[in-house]
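Here's the structure we're looking at; comments come further down.
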Amino acid sequence: MASAEQSKPRLLPGKLSKAGVLSFLSAQGILIFFLLSMFVFSFFSEQFLSQSNIMTVVRQASIIGIIAVGVSVVIIGGNLDLSVGSMLSFSTVLVVDLHDKIGPTNAILLMFALTLMIGAVNGFLIGFLRLNSLIVTLAMLSAIQGFVLIYSGGQNVDIADQEGTWFAFFGRGYVGGIAVPILMFGLLAIVMQVVMSYTGYGRRIFAVGGNPMAAVYSGIRKNWCVFSTYLISAFCVACAALVLGSRVMGSQNNVGQGYELLVLAGIILGGTSLLGGAGSIWKTVIGVLILGFIQNGLLLMGYPYYIQWIVTWVIIILAVWLDLANKRKSLFTTHS
Amino acid sequence: MTSIKGFFRGRTSIQPIWVFVIALFIFFSFMSEYFLSFGNITNILVQTSTIGLIALGMTFVMINGNIDLSVGAILGLAASLAVGLQEVSMTLAILAALGSGILLGALNGFVVWKTGVNAFIVTLGAMLGVRGLIFLYTGEQSFFAMNFAFADFGTSTIGPVPVLAIIFLVCALIMHLVLTRTGHGRNTFAVGGNPEASIDAGIRLGRHMMINFIIVGFFAALAGVLLASQMGAATPNLGRDYELWVITAVVLGGTKLTGGYGSIVGTLGGVLAIGILRNGMNLMQVPAFYVLVILGAILISVLIIDKKLNAPSTKEVRI
């Protein structure tokens with residue numbers, strides 16, 4: 001299990017010795033893979049590396065990316081969150097439906113409050129009652145899906161006055177030429193990366209995920225740490241719902257279905273171990289972007305979009321396998 | 001009676017889930033006049049047979065300490081193959097469907113065995129990838145069964161009992177015997193309970209896990225073929241979210257996610273609990289949405305109760 005010290009981002013090699021460069025290469029495998037795949041795709045399609053295309057891809061990936069930032073923190077803390085897809089449906093339907101009823105400001109505040117409450121329920125069950133996070137969030141997935149359907153009566157919701165509302169800013173607006181979703185994604189990722197790498201709180205999350213017993217013995221309040229990671233995850237989902245609801249100006253009640261898997265795929269691709277205690281936000285960002293660019297590249301090459309699922313399947317397993325093989329210094333397991 | 005007791009003895013005792021099943025059964029008998037009829041009870045068995053068949057295999061994989069998230073996708077692929085290849089030959093189509101399940105199960109198991117990558121990640125990838133294969137194969141189209149023998153099979157009965165119910169119960173009996181009476185079953189518990197010790201004891205861990213992945217792949221494919229036969233059609237999205245229902249059923253049945261503990265009898269109870277709940281609420285005209293919420297609440301309650309009853313206080317650090 002990697003310690004917090006090891007999982008700090010090393011954007012530049014420490015020493016320029018041969019060993020230093022090699023360890024840099026193995027640590028930054030995901031970044032190298034990212035650049036390589038960009039390079040390959042740019043051969044097959046001329047539009048691929050155009051500025052507008054890159055911006056489009058990043059904007060599309062930003063919803064999954066925003067959620068992935070939160071789920072990364074949960075996973076580094078040694079747990080899982082499978083309920084984010086349902087939560088995204090819930091929050092999006094809620095904010096869109098309430099927009100016309102109580103006005104955008106109140107709708108956004110209420111949506112954040114209720115989403116954080118769901119996060120608190122997850123956090124309480126997993127942090128304080130110490131239930132298995134996989135099963136709890138699986139149960140929450142179906143329960144929240146039920147709530148969404150009850151709330152919306154199975155109907156899709158949308159905003160009546162789509163042009164006149166400032167709510168459109170979150171999904172369609174631009175600040176200084178950069179789309180707001182990208183800004184939110186970038187800002188959240190940078191803040192969380194700094195929190196995880198340079199604050200005592202981040203170190204505690206790494207400690208709890210890496211070795212819960214040792215963390216408790218060293219005086220870390222593990223329950224609260226786990227609880228807080230689910231609040232962070234819920235906060236990120238609420239931000240994503242803001243972007244999604246504002247972009248489509250409406251919502252189907254199953255809009256977030258399957259998002260948890262794409263989020264997990266991005267995180268795993270970024271090299272964060274599901275065992276907890278290791279990983280980094282910026283690698284998650286690159287993992288999510290790789291997924292986005294693969295989808296985009298394959299589309300530009302003329303393949304149907306579901307081919308990306310098959311490619312993702314292979315890449316996820318290869319990425320995790322090579323990482324594991326590197327750690328145990330052999331390609332295959334030794335048992336028969 | 002003693003012989004029946006003896007049958008359940010050994011690894012399995014009467015699980016709390018069966019108390020819950022009986023309570024549900026009594027509750028719905030009072031709440032709906034239609035519930036307690038032979039037709040409805042066989043109906044419940046038919047409705048649960050799809051999830052139930054996969055849950056049998058999943059119990060093995062989970063006792064083994066692994067998990068398989070790709071079962072819903074495997075079910076979808078098998079259903080599409082069984083209906084899509086019908087023009088070539090019905091027998092071939094069914095063999096291809098079942099073969100695809102076995103093959104994908106073997107692939108999952110092989111990757112877990114050789115690379116040592118966590119089964120959660122391997123099968124999560126497969127869940128996305130196999131769904132991609134389905135869309136690639138079907139071209140996003142739904143297929144409809146033309147073969148009458150195939151389309152009738154899913155709704156046929158032997159005497160008064162539906163064939164699907166019989167298949168499910170026979171498979172459950174076989175898997176119960178395999179788990180409690182054979183070396184393979186014993187090894188499954190051993191591997192899940194303590195992988196290192198079981199390697200030292202001479203169990204071929206990798207192969208053993210792979211066999212269990214093949215079993216769950218086969219059952220997922222079988223469920224897909226039967227579901228396609230029951231509906232007379234296959235859609236590319238068939239089997240979505242099934243892995244959630246299956247895992248819910250298995251966990252309700254008392255099988256531990258950490259491995260080393262579980263039983264087919266418990267899984268049968270978990271599957272029936274979900275089936276009775278859905279069917280009974282349906283008869284009471286509760287909207288389907290509420291069932292999702294209630295199921296989630298029940299699953300979490302079961303976890304809390306389980307934690308309170310079986311908490312190994314010495315193992316965990318209290319603050």
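The values are calculated or read from the model by the stated rules, or taken from the named source; none is laboratory data. Just so it is clear, the model here is predicted, and its values are computed rather than measured. All Cβ positions, glycine included, derive from the backbone under ideal geometry; neighbour counts span all protein chains shown. The accessibility values were calculated without ligands, DNA or RNA, using every heavy atom of the protein model including side chains. Shrake-Rupley method; radii C 1.70, N 1.55, O 1.52, S 1.80 Å.
Table for the structure above
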{"read-out": "Per residue solvent-accessible surface (Å²) - chain B, probe of 1.4 Å", "value": "42"}
{"read-out": "Residue-averaged beta-carbon neighbours from other chains (10 angstrom radius) around A:313-319", "value": "6"}
{"read-out": "Label-point separation in nm, A:Val191 to A:Arg172, each point 7 Å along Cα→Cβ", "value": "2.6"}
{"read-out": "Quotient of C-alpha Rg and 2.2 N^0.38 Å, computed over the protein assembly as shown", "value": "0.96"}
{"read-out": "Whole-Å distance, taken between Cα centres, linking the range B:84-112 and the range B:197-214", "value": "24"}
{"read-out": "Pairwise FRET efficiency - A:Ser37 versus B:His184, Cβ, R0 = 60 Å, nearest 0.05", "value": "0.90"}
{"read-out": "For B:Ala233, distant residues with modelled amide H under 5 Å away", "value": "B:Ala145"}
{"read-out": "Against the rule of thumb 2.2 N^0.38 Å, how large the Cα Rg of the range B:4-155 comes out", "value": "1.31"}
{"read-out": "Kirkwood Rh and Cα Rg combined as Rg over Rh, evaluated for the range A:26-80", "value": "1.10"}
{"read-out": "Extended-chain gain in nm, criterion 0.36 nm per residue less alpha-carbon gap, B:Ile166 and B:Ala149", "value": "4.3 nm"}
{"read-out": "Pairwise centroid distance, computed over Cα atoms, of the range A:250-288 with the range A:72-131, Å", "value": "16"}
{"read-out": "Stretchable slack from B:Ile174 to B:Val88, in nm (0.36 nm times residue separation minus alpha-carbon distance)", "value": "27.7 nm"}
{"read-out": "Heavy-atom accessible area ranking, 1.4 Å probe, most first, across A:Met117, A:Met140", "value": "A:Met117, A:Met140"}
{"read-out": "Interface B:A - total buried accessible surface [probe 1.4 Å, Å², rounded to 100]", "value": "4800"}
{"read-out": "In Å², nearest 10: area of B:Glu140 left accessible to a 1.4 Å probe", "value": "100"}
{"read-out": "Centre separation in Å (Cα based) which lies between the range A:149-214 and the range B:163-188", "value": "47"}
{"read-out": "Evaluated over the range A:67-182, the Cα radius of gyration and Dmax, each in Å", "value": "16.1, 47"}
{"read-out": "Expected 222 nm ellipticity per residue - DSSP helices of 4 or more, -39500 (n - 2.57), all of the protein assembly as shown, to 500", "value": "-23500 deg cm²/dmol"}
{"read-out": "Residue-normalised accessible area of the range A:228-287, given per residue in Å² at a 1.4 Å probe", "value": "22"}
{"read-out": "Area of A:His335 that stays accessible when all protein chains are in place (1.4 Å probe, Å², to 10)", "value": "50"}
{"read-out": "Per-pair calculated FRET efficiency, R0 = 45 Å: B:Asp200 and A:Ile102 via Cβ, rounded to 0.05", "value": "0.10"}
{"read-out": "Heavy-atom accessible area order for A:Thr115, B:Thr235, largest first, 1.4 Å probe", "value": "B:Thr235, A:Thr115"}
{"read-out": "Listed pairs A:Lys222/A:Lys329; B:Lys114/B:Lys308; A:Lys101/A:Lys283; B:Lys114/B:Lys307; A:Lys222/B:Lys256; A:Lys101/B:Lys307 exceeding 31 Å between Cα atoms", "value": "A:Lys222/A:Lys329; B:Lys114/B:Lys308; A:Lys101/A:Lys283; B:Lys114/B:Lys307; A:Lys101/B:Lys307"}
{"read-out": "B:His208 - accessible surface, heavy atoms, 1.4 Å probe, Å² rounded to 10", "value": "10"}
{"read-out": "Sequence of A:Trp321, B:Trp113, A:Trp166 when ordered by accessible area, the most exposed leading, probe 1.4 angstrom", "value": "A:Trp166, A:Trp321, B:Trp113"}
{"read-out": "Nitroxide proxy distance, nm - points 7 Å out along Cα→Cβ at A:Ala120 and A:Ala325", "value": "4.8"}
